[in-house]
Each structure stands twice: as C-alpha cells, then as structure tokens.
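Have a look at the structure below, then the notes.
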Amino acid sequence: MSNTATNLPNNNANIGSINVYVSDLPRSLNYGLLEKYWSLSHDSRLGSDIDNEIRSKNSWNNKKVPIYPESPLIKQYSAEYWILGDLLTPQEKRSGSFARRVFSPEEADVIFVPFFATVSAELQLGTAKGVFRKKVGNEDYARQREVMDFVKGTEAWKRSGGRDHVFVLTDPVAMFHVREDIAPAVLLVVDFGGWYKVDSKASSNGNNTSDMIQHTQVSLLKDVIVPYTHLLPKLLLSQNQKRQTLLYFKGAKHRHRGGLVREKLWDLLVNEPGVVMEEGFPNATGKEQSIKGMRNSEFCLHPAGDTPTSCRLFDAIQSLCIPVIISDNIELPFEGTIDYTDFSVFVAVNEALQPNWLIKHLRSYTDVQKSKFRQNMGRVQSFFEYDNGYPGGIGPVPVDGAVNHIWRKVHQKLPMIKEAIVREKRKPPNVSVPRRCHCT
C-alpha cells in the first residue's frame with residue numbers, strides 16, 4: 001500500500017505541487033456565511049444542541065475566522081473550510097502543502113472557488129426548508145446565482161469554460177440549482193449519489209438500465225471523491241483492546257432510494273448473537289454510544305443510505321473497526337493511492353440479504369486476518385484527517401492528511417483538463433457539441 005499519490009507530470013516550475021488561484025469571491029459567500037449561521041438565535045434540528053450551546057457562550061468567533069459548526073449534520077461536510085484555510089495560510093507556513101497558492105489566474109493550474117456551498121444550503125434548510133427546491137424566496141439560490149454570475153464574468157472562466165475551476169460540493173444538495181452551470185468544472189464530492197440519473201433512452205431500448213448511468217454532470221474522469229469529515233476521535237493501534245462484539249451498526253433504520261437495503265439488513269441482523277443494531281441520532285448521546293460501539297466491535301456495518309456512502313465509514317476507520325461495505329454503487333476517496341480491500345470487507349447486496357450469509361462470512365475471518373486489517377487501517381487513518389488544529393484552519397496542514405491528498409487527485413486531472421480546454425478552443429463559432437457520457 002502506497003502512502004503517497006502518484007503525480008502526473010505538469011508544467012509547474014514547482015514539480016510535485018499544484019498551482020492554485022483563489023477566486024476573489026466576497027467574504028459574504030464563505031466566512032460571512034458562518035457569521036450568519038452563528039447569528040441565528042436557535043437551530044431546532046437534530047444534532048444542533050452543541051451549536052446552540054456555542055451560540056449561548058458566544059464562543060464561535062475565533063479572531064477573524066469563525067469556527068465551523070459542530071452539529072454533525074453540517075460538520076461531516078466541512079472539507080470546504082479546511083481547504084480554504086490551507087490556501088489562506090501565509091506561504092512561509094505552507095511548506096508541507098501540496099497546493100501552491102498563486103496570485104494570478106495566468107499562473108494557475110486550477111481556480112479554486114471559495115464558496116461555502118454546504119453552509120449556504122444548511123442555512124436555508126435550517127431557516128426556510130419549504131422553499132429549498134424553489135427559486136423565489138430562496139436565499140441559497142440567490143447566493144448560488146451570485147457565485148455563478150461572478151465566476152462566469154471572469155476572464156479565467158471565459159478562457160476555460162470553467163473546466164479548470166474547482167468547487168467543493170460535499171453536501172449532496174449543495175448548489176442544487178446551478179448544477180448544469182458547474183458541470184464542466186472539477187467537483188469535489190463525497191459520492192455521486194445525488195447526481196446520477198437512469199438513462200431513459202437506454203430503458204426504452206430494452207437495455208439493462210442498472211448498467212447505464214448518465215455521467216453528463218459528474219465523472220471520475222474529471223471530479224474527485226473526497227472523504228467526509230469523521231465525527232469520532234481517532235483510536236491508535238496501541239490503544240486498541242479486545243473487541244467483544246462481532247458486528248455493530250448505529251443509525252437510522254429507514255432510508256430512501258438505495259438505502260432501502262438498510263431496512264432489510266436490519267430485520268435480518270437485529271436478533272443475531274454478537275450483533276448490535278442501534279437506532280441512533282447525531283446528538284451527544286449518540287456520539288458517545290458510537291464511540292463505545294465501534295471500539296468494542298470487530299466489524300462495522302456500512303450499508304447504503306440516502307446516498308451510497310456516509311460519514312459512518314470514516315468513523316469506523318478512525319475507530320479501527322473493520323468496515324463491512326454493502327453498497328454496490330459506492331465510490332471511495334483516493335482509490336489508486338489506497339486499496340480499501342486491505343482493510344475492508346466488500347459484500348454484494350444480493351449476498352448480504354441472504355439469511356445467515358453475512359454473519360457466517362464474517363465469522364470465517366481469523367484473528368490474524370482481522371489484526372492485519374486493523375494494521376492496514378492504522379496506516380491510512382491520517383488520509384482522512386482534515387483538522388490541522390489551528391484556529392480557523394489557517395495553519396500548516398497534515399502532510400499526509402485529506403487536504404493534500406485531495407489536491408494530489410486534482411493534480412492527476414491536469415492533463416485531461418488541459419486537453420479539454422484545447423479541444424474546446426478549436427471548435428468553430430456557433431458549433432455546439434452535446435455533453436457525452438464519460439463511462440468509468
């Protein structure tokens with residue numbers, strides 16, 4: 001297993017880094033959104049107790065940069081905060097950063113758009129959820145349009161058609177109204193669950209629609225799968241103790257779309273010896289239960305939810321609990337650098353739903369095999385770490401942490417980005433080429 005990304009050659013003077021220009025969006029579209037969030041009098045959603053306590057103590061404003069919400073519903077999507085914090089760190093403190101900030105678009109390999117799309121979406125959901133899918137009266141939509149009007153008016157966007165622009169869209173509903181506009185750009189997403197659509201033409205032709213998915217807006221060729229921010233603390237290999245439970249799961253039993261498998265698995269497993277299935281919610285009590293449950297279990301169940309993946313996978317890795325991934329359409333961060341089969345068990349949905357099959361399969365692993373899984377897991381825990389321990393995230397990032405590995409993956413896209421820009425330039429005026437399926 002390699003602990004470094006394989007770098008494709010670029011034209012940088014600094015080989016082994018990527019030149020990033022930060023688009024000059026107004027503060028109101030990033031840190032200003034955090035100030036707006038913390039100025040709310042109260043948030044009644046599940047998991048918001050901790051943020052309401054922070055509000056009551058007025059402890060959210062650390063120097064010039066507000067802290068990111070601690071509510072697990074929002075914190076799990078905090079990549080936008082840590083990536084921008086790294087880029088705003090003074091250059092003399094960024095020797096360990098893979099991204100090299102430049103101050104001219106002409107010097108840049110990519111243009112980073114510092115819009116806190118998750119905070120914007122969650123603000124709308126927390127204050128006026130009823131208009132979230134609408135445009136009239138939707139402040140999140142107005143902000144999305146402000147971002148797009150700004151970046152589309154720049155020479156950098158006009159030059160590339162947006163293909164070298166990078167947006168962070170970790171919340172599955174982030175920038176919901178402008179997805180067609182940002183489709184050419186590099187999108188940093190936790191998975192493609194909120195984007196795929198079944199190809200209706202394939203269906204009408206009698207083809208197997210399960211193998212025919214449109215990639216007109218997202219694709220592994222241009223986009224990057226990034227980790228959720230884990231919510232549970234890291235357990236070191238030296239701290240690991242004997243585990244009493246075979247399999248653990250904590251979460252909502254009822255989900256939609258691909259997550260319907262979760263309810264079926266629940267009914268199959270809930271009464272099995274050595275299995276703990278807990279209905280849980282993202283509050284302080286639920287967090288403590290999850291810490292105890294994951295650290296006391298050999299395996300942690302990771303079925304699909306509303307989308308193919310969830311924060312639970314990265315909590316399991318930090319807890320050294322061997323992930324059991326039952327999600328046929330899952331995409332994972334940093335594949336090619338990380339081989340998830342070194343520390344995870346992948347099970348097809350149709351096999352997992354056979355009575356007694358899953359438990360029998362998990363019991364077949366020896367103590368030596370499980371120990372090897374945990375050793376391999378310990379080697380990659382840092383890959384999923386965003387927090388650098390500095391106020392506002394402005395400070396040196398972990399060299400082998402999530403932010404650097406994200407930029408390494410973007411760096412690997414540079415030859416394709418440059419080719420796409422050159423191909424677009426040579427098209428005759430008024431010629432429109434429809435966006436094609438980019439199969440993976």
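Say we look at the stretch 261-276 and pick out the residues that are touching a residue at least 40 places away in the same chain (Cβ under 8 Å) and part of a loop (DSSP other than H, G, I, E, B); which of these is farthest from ILE291 (Cα to Cα)?
Looking at residues that are touching a residue at least 40 places away in the same chain (Cβ under 8 Å) and part of a loop (DSSP other than H, G, I, E, B), I get GLU272.
Conditions (1) free of Cβ contacts under 8 Å to residues at least 60 places away in the same chain; (2) closer than 23 Å to PRO172 by Cα; (3) part of a loop (DSSP other than H, G, I, E, B); (4) open to solvent by 40 Å² or more (accessible area, probe 1.4 Å), marked per residue:
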position	(1), (2), (3), (4)
LYS36	no, yes, no, yes
SER56	yes, no, no, yes
SER59	yes, no, yes, yes
GLU70	yes, yes, yes, yes
TYR77	no, yes, yes, no
SER120	no, yes, no, no
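So, restricting to helices (runs of 4 or more DSSP H) that lie completely within the stretch 347-440, which ones have at least 2 residues that are open to solvent by 50 Å² or more (accessible area, probe 1.4 Å) and farther than 26 Å from ARG295 by Cα? Full working, then the answer.
Values: elements: 349-352, 357-363, 367-380, 402-412, 414-425.
By residue number, 349-352, 414-425.
Taking only the stretch 175-195 into account, find how many residues are closer than 23 Å to CYS311 by Cβ, among the hydrophobic types (A, V, I, L, M, F, W, C) and touching a residue at least 40 places away in the same chain (Cβ under 8 Å).
Of the residues in that region, 6 qualify.
List pairs: first in the stretch 416-430 and touching a residue at least 60 places away in the same chain (Cβ under 8 Å) and at negative phi, second open to solvent by 70 Å² or more (accessible area, probe 1.4 Å) and of a type outside the set (Val, Ile, Thr), Cβ under 7 Å, 6+ apart or cross-chain?
Listed by first residue and then by second, the contacts come to MET416/LEU221.
Would you check if GLY161 is more than 24 Å from the chain's Cα centre (by Cα), closer than 27 Å to TRP38 by Cβ and surrounded by fewer than 21 Cβ atoms within 10 Å (Cβ to Cβ)?
no
Working only within the stretch 82-96, note down all residues that are closer than 22 Å to ARG27 by Cβ and either open to solvent by less than 10 Å² (accessible area, probe 1.4 Å) or outside any helix (DSSP H, G or I) (or both).
Matches in the stretch 82-96: ILE83, LEU84, GLY85, ASP86, LEU87, THR89, PRO90, ARG94.
Could we say that VAL397 is touching a Phe, Trp or Tyr at 6+ places or on another chain (Cβ under 8 Å) and at pLDDT below 95 here?
Values: touching a Phe, Trp or Tyr at 6+ places or on another chain (Cβ under 8 Å): yes; at pLDDT below 95: yes.
So VAL397 passes the test.
Suppose we filter GLU385, GLU298, GLU351 for residues that are out of contact with any strand residue (DSSP E or B) (no Cβ under 8 Å at 6 or more places or on another chain), modelled with pLDDT of 95 or more and within 20 Å of LEU268 (Cα to Cα); which single one remains?
Among GLU385, GLU298, GLU351, only GLU351 is out of contact with any strand residue (DSSP E or B) (no Cβ under 8 Å at 6 or more places or on another chain), modelled with pLDDT of 95 or more and within 20 Å of LEU268 (Cα to Cα).
For residues in the stretch 355-395 being touching a helix residue (DSSP H, G or I) at 6+ places or on another chain (Cβ under 9 Å), without any contact (Cβ under 8 Å) to a residue 24 or more places away in the chain and among the polar types (S, T, N, Q), which is farthest from GLN239 (Cα to Cα)?
Top of the filtered list is ASN356.
The values are calculated or read from the model by the stated rules, or taken from the named source; none is laboratory data. The shown structure was predicted, so the numbers you read here are calculated from the model rather than taken from an experiment. Every residue, glycine as well, gets a Cβ built from its backbone with ideal geometry; the counts of neighbours run over all protein chains shown. With ligands, DNA and RNA removed, areas are computed over all heavy atoms of the protein, side chains included. Shrake-Rupley method; radii C 1.70, N 1.55, O 1.52, S 1.80 Å.
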